[in-house]
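Here the structure is laid out as structure tokens; the discussion comes afterwards.
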Amino acid sequence: MPSSPRTRARAPDRIVALLLAAGAVACLLAVEGREGFGRDEGQYMRAGERYWGWFEELAANARRGHVGDSFTRAAIDRYWSDNAPDHPVIMKTLYGLSWRAFHRCVCMGPTRGLHPIAVRGKHVTLPLFDRESTAFRFPAILLAGALVAMVYRFARHFTTPLPAAVAAVLTLAQPHYFFHAPIACFDAPITTLAFAVGFAYWKSLRDARWGLLAGPIFGVALGVKHNAWLIPIFLCGHYLWMRRGDFAALRLPRVPLAFVSMLVLGPIVFFLHWPWLWHAPVARARQYVTRHLQHEHYNFEYLGRNWNQPPTETDDKLLRATAPVVETGLTVPVTTLALAMWGGAALLRRRRNQPVIPDGPAEGPPSARPSWLRPGADVDRAPGAFLAVQIFGPLAVLSVPSTPIFGGVKHFLPANPYIAVAAGLGLAWLLRALADALPAARAGLSRALAAALCLLCVAPAVAETRRSIPDGISHYNMIAGGFAGGASLGMNRQFWAYSVPPLLDWVNKNPRRGSFYWHDVISDALRMYKREGRLGLDVGDSGPGAAGIQHSSAGLLFYEKHWAVYEGWFWDEYGTVQPARVRTREGVPIVTEYERGPR
């Protein structure tokens, strides 16, 4: 059957999107090994491998004709209770399956006992990666590539290919997002899934098929991270604004098929994906929800203060409420912020039912008759309002003083791809102004200047992101003054001991390695470093807290404000205030090593 003109027109965009995704994956694979394993990632790798153990046991039971044995409560809890009720399991399961499929197996060697489940024999794998951690991280990297492609396709609804491609690149070229994108955690994956749900909803306003798809996509998002609970709230805000004419006419707006699908199919996908819920769905779902509604407040530094409890004084509440906006303003590259502000201005100037960019794709109502299957077919889709709720919604939630802010930027990363889309729209307006300023006869010059302008807009963000590797969450933009400026402002410079890899060789050569204090590096991370040969099997772990320092001969101190007391413990116990070594970035201490001296 010959392809339709519409399909042929989309083919180049699909190729560009695929190339952008492949480029993003290649960039992330090239550098992911430089990032260490934070506390969360170590736990998720362990849990993912345990979940694989259930599938392995299921296959063994199937061969014996006892499949039901794997679905008993005891069998499920033996594997799937790991990291429950903290988080659902889609990403952890993908991490475990990817590890099983793609790691280079040396599991029968000296590190055999470091696995969370019994290794019964050499694994037959497709050995794509030398490091086991890369195999664990691969699904997150693929999802980051998918996000870049989706941003391009979404931006193409409003503008031409060149600024849409720039928006896609600027999505990845953000130091804090780039740091989270290749690690086996949930913050970058939920950013991808939140964007996917928003994209499906947007398309569902004109196409009923996307209304049906929105439900399962939302269910997958629920299975990635609890951030997904908020997605319908943001979309509802946009929908009510888009249909505000209905209220003015004293009639109720149509209920979008996407919302019905999300309400019905989303919870079904969520319950089906998590075996831990199956035998007590109500009680265990309540445990999961309660866990996050009553989540403890971890320590986090913001503007020179350590925040670990909800503020009670009015001044503190006001200061705390500024955190998401200020952190975004100090972490997203300045050129991206400037372009996004210009794109926002372009959206404000836009009249209803007009294209966002002159000569761009039309946003007016189509010829299809409006119905609840296409609940936006008779009105403008209000792209400015859509971007506004998707950017400011996540920021607003984290601005509530009682909301735990541990982790900082990673908790409102779903806003970042929409900031990049707005930046693409800002660039499109600049390109249009450039074209209008040149005579029509100078088309070649116009194209050359347009390419140069795009490069000029992308290069600073790419350079800043490259400079931040592997310490992306210690990095701050030029408004803050880089690494040193962020530290001087009292901004958080790291989170849960990701920054240890450059020190592993020093530890391995240290004659005191047998009684080593690892501070915030958890045992799951240490086991993975040893499994990959990056840390010697004879390196010890003296344990946590002050007692761990007392029983150690050398140790690490990670710089977070609430750890300052630990440095005093080192001085008192080791009998010296002189560090053996300090790892810095642009003069900012990241990790300090101490060795026991004479008392």
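The values are calculated or read from the model by the stated rules, or taken from the named source; none is laboratory data. Computed from a prediction, not measured in an experiment: that's the story for all the values here. For neighbour counting, all protein chains shown are included, and Cβ atoms are generated from backbone atoms with ideal geometry for every residue, glycine included. What goes into the accessible areas is simple: the full protein's heavy atoms, side chains included, and nothing from ligands, DNA or RNA. Shrake-Rupley method; radii C 1.70, N 1.55, O 1.52, S 1.80 Å.
Which FRET efficiency value, to the nearest 0.05, do you get for ALA118 and HIS279 by plugging their Cβ-Cβ distance into 1/(1 + (r/R0)^6) with R0 = 35 Å?
Numbers: r = 24 Å, r/R0 = 0.69.
Efficiency, from the Cβ-Cβ distance: 0.90.
Kindly state, to the nearest 0.05, the FRET efficiency for GLN287 paired with THR576, given R0 = 51 Å and r defined as their beta-carbon distance.
Numbers: r = 47 Å, r/R0 = 0.93.
About 0.60, to the nearest 0.05.
Please compute the Cα-Cα pair-distance distribution of region 484-539 with 10 Å bins starting at 0, giving whole percents from short to long.
20, 48, 20, 12, 0
For TYR517, which sequence-distant residues (separation of 5 or more, or a different chain) have an amide H within less than 5 Å of its own amide H, given hydrogens modelled in the peptide plane?
SER542, SER553, ALA554, GLY555, LEU556
From the backbone phi of region 71-81, what are the Karplus-calculated ³J(HN,Hα) couplings (6.51 cos²θ - 1.76 cosθ + 1.60, θ = phi - 60°) in whole Hz, Gly and Pro given as x?
My calculation for region 71-81 gives 10, 6, 4, 5, 5, 5, 5, 4, 10, 7, 7 Hz in order.
At 1.4 Å probe size, with every protein chain present, just tell me what the per residue accessible area of the chain comes to in Å².
On a per-residue basis, the chain sits at 42 Å².
For the chain, the longest stretch holding no GluC sites (Glu not before Pro) located in a DSSP loop with at most 12 other Cβ atoms within 10 Å is which?
On the way: sites that count: GLU296, GLU313.
Here the longest segment lacking exposed loop sites spans 1-295.
Per-residue HN-Hα couplings for region 192-207, Karplus 6.51 cos²θ - 1.76 cosθ + 1.60 at θ = phi - 60°, whole Hz, x for Gly and Pro?
Result, ordered by residue: 5, 5, 5, 5, 4, 5, x, 5, 4, 4, 4, 5, 5, 5, 10, 9 Hz.
Using only the Cα atoms of region 1-159, each taken as one equal point scatterer with no solvent, compute I(q) by the Debye sum, divide by I(0), and report log10 of the ratio at q = 0.14 Å⁻¹.
-0.83
Please report the carbon-and-sulfur percent of the accessible area for the chain; probe 1.4 Å, protein heavy atoms only, DNA, RNA and ligands left out.
Working: 15920 of 24970 Å².
Its accessible area is 64 percent carbon and sulfur atoms.
If you average the alpha carbon positions of region 399-422 and of region 80-99, how far apart do those two centres end up, in angstrom?
Value for the Cα centre distance between the two parts: 23 Å.
What Kirkwood radius, in Å to one decimal, follows from the Cα pairs of region 138-183?
On the way: mean 1/r = 0.0929 Å⁻¹.
Taking the inverse mean of 1/r over all distinct Cα pairs, region 138-183 comes out at 10.8 Å.
Which order do TRP518, TRP429 take by accessible area at a 1.4 Å probe, largest first?
Values: TRP518 5, TRP429 60 Å².
Result, largest first: TRP429, TRP518.
Based only on the alpha carbon positions, what is the Kirkwood hydrodynamic radius of region 424-498, in angstrom?
Working: mean 1/r = 0.0669 Å⁻¹.
One over the average 1/r among Cα pairs gives 14.9 Å for region 424-498.
Using all Cα-Cα distances in region 268-307, what percent lands in each 10 angstrom bin from 0 up to the longest?
25, 32, 19, 17, 6
Per-residue HN-Hα couplings for region 151-156, Karplus 6.51 cos²θ - 1.76 cosθ + 1.60 at θ = phi - 60°, whole Hz, x for Gly and Pro?
Listing the rounded values in order: 4, 4, 5, 5, 4, 5 Hz.
Cut-off 13 Å, label point 7 angstrom out along Cα-to-Cβ of GLU57: give me the residues of region 86-117 whose amide nitrogen falls inside.
From region 86-117, the list is 117.
Given a 1.4 Å probe and heavy atoms of the protein chains only, how would you sort LEU265, LEU347, LEU277, largest accessible area at the top? Walk me through the numbers on the way to the answer.
Details: LEU265 65, LEU347 25, LEU277 0 Å².
Descending order: LEU265, LEU347, LEU277.
Over the heavy atoms of ARG156, what accessible area does a 1.4 Å probe trace out, to the nearest 10 Å²?
So the heavy atoms of ARG156 present about 60 Å² to solvent.
Take the eigenvalues of the Cα gyration tensor for region 294-438, scale each by 5, and report the square roots as semi-axes in whole Å, largest first. Mind dumping the intermediate values first?
Numbers: eigenvalues 267, 85, 22 Å².
Each semi-axis is √(5λ); the values are 37, 21, 11 Å.
Once you have a ≥ b ≥ c as the square roots of the Cα gyration tensor eigenvalues for region 249-357, tell me rounded if a/c is under 1.5, and otherwise prolate or oblate according to whether a/b is larger than b/c.
Values: a/c = 2.24, a/b = 1.10, b/c = 2.04.
Oblate, because a/c is 1.5 or more while a/b does not exceed b/c.
Could you tell me which of rounded, prolate or oblate describes the chain, using a ≥ b ≥ c as the square roots of the eigenvalues of the alpha-carbon gyration tensor, with rounded for a/c under 1.5 and, failing that, prolate when a/b is larger than b/c and oblate otherwise?
Values: a/c = 1.77, a/b = 1.39, b/c = 1.28.
In terms of gyration-tensor shape, prolate.
Under 5 Å between amide hydrogens, which residues at least 5 positions from ASN477 or on another chain qualify, with H placed 1.01 Å from N in the peptide plane?
THR331, GLY482
Could you please tell me the mean projected area of the C-alpha convex hull for region 24-101, averaged over all directions and given in square nanometres to one decimal? Please report the intermediate quantities before stating the final value.
Numbers: hull surface 25.1 nm².
Reported value for the Cα convex hull: 6.3 nm².
If I stretch the segment between ILE233 and ASP316 completely, what's the gain in nm (0.36 nm per residue apart, minus their alpha carbon distance), one decimal? Can you show the working numbers first?
Numbers: separation 83, 0.36 × 83 = 29.88 nm, distance 2.73 nm.
Difference between extended and current length: 27.2 nm.
With a Förster radius of 30 Å, plug the Cβ-Cβ distance of VAL334 and HIS295 into 1/(1 + (r/R0)^6) and report the FRET value to the nearest 0.05. Each step should come with its number before you reach the end.
Working: r = 33 Å, r/R0 = 1.10.
Using R0 = 30 Å, I get an efficiency of 0.35.
Give the long-range amide H neighbours of TRP307: residues separated by 5 or more places, or on another chain, with amide H under 5 Å away, using H modelled in the peptide plane at 1.01 Å from N.
Under 5 Å from the amide H of TRP307: PHE300, GLU301, TYR302.
Over region 479-599, how many percent of alpha carbon pairs lie in each 10 Å bin up to the one with the longest distance?
13, 45, 32, 9, 1
How many times 2.2 N^0.38 Å is the alpha carbon radius of gyration of region 177-324?
That ratio works out to 1.28.
Which value results for Rg/Rh of region 176-249 when Rg is the Cα radius of gyration and Rh the Kirkwood radius based on the inverse mean 1/r?
1.07
Classify region 382-423 from the C-alpha gyration tensor, please: rounded if a/c falls under 1.5, else prolate or oblate depending on whether a/b exceeds b/c. Provide the component values of the computation, followed by the final result.
Numbers: a/c = 4.43, a/b = 1.81, b/c = 2.44.
Here region 382-423 falls in the oblate category.
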